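One structure is given here, and the rest of the page talks about it.
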Amino acid sequence: MLTVGDKFPEFELTACVSLEKGKEFETINHKTYEGKWKIVFA
């Protein structure tokens, strides 16, 4: 379990990134949005 201050592990997954038809999903990894907030549902 992660707690405040822990580093999130490296990952690669399919994400919902757009509402535009045909561009809804994209494979992202831990560096895709580096320096930005991310929300991961498991």
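Since every read-out is calculated from the coordinates, none of them should be taken as a lab result. It should be emphasised that the depicted structure is a prediction, and the values quoted were computed from it without experimental measurement. Cβ atoms come from the backbone with ideal geometry, glycine included; neighbour counts cover every protein chain shown.
Results, tabulated for the structure shown:
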| quantity | calculated |
| --- | --- |
| Per-residue HN-Hα couplings for the range 13-18 [Karplus 6.51, -1.76, 1.60; θ = phi - 60°; Hz; x = Gly/Pro] | 7, 8, 10, 7, 10, 7 |
| Among Trp37, Gly22, Met1 - extreme Cα towards positive end, dipole of the chain, charges at beta-carbon | Trp37 |
| 5 angstrom amide H check on Ala15, placed H, neighbours 5+ away | Glu26, Thr27, Ile28 |
| Cα-centred dipole magnitude for the chain, charges only on beta-carbon of K, R (+1) and D, E (-1), debye, nearest 20 | 100 |
| Stretchable slack from Lys38 to Ser18, in nm (0.36 nm times residue separation minus alpha-carbon distance) | 5.7 nm |
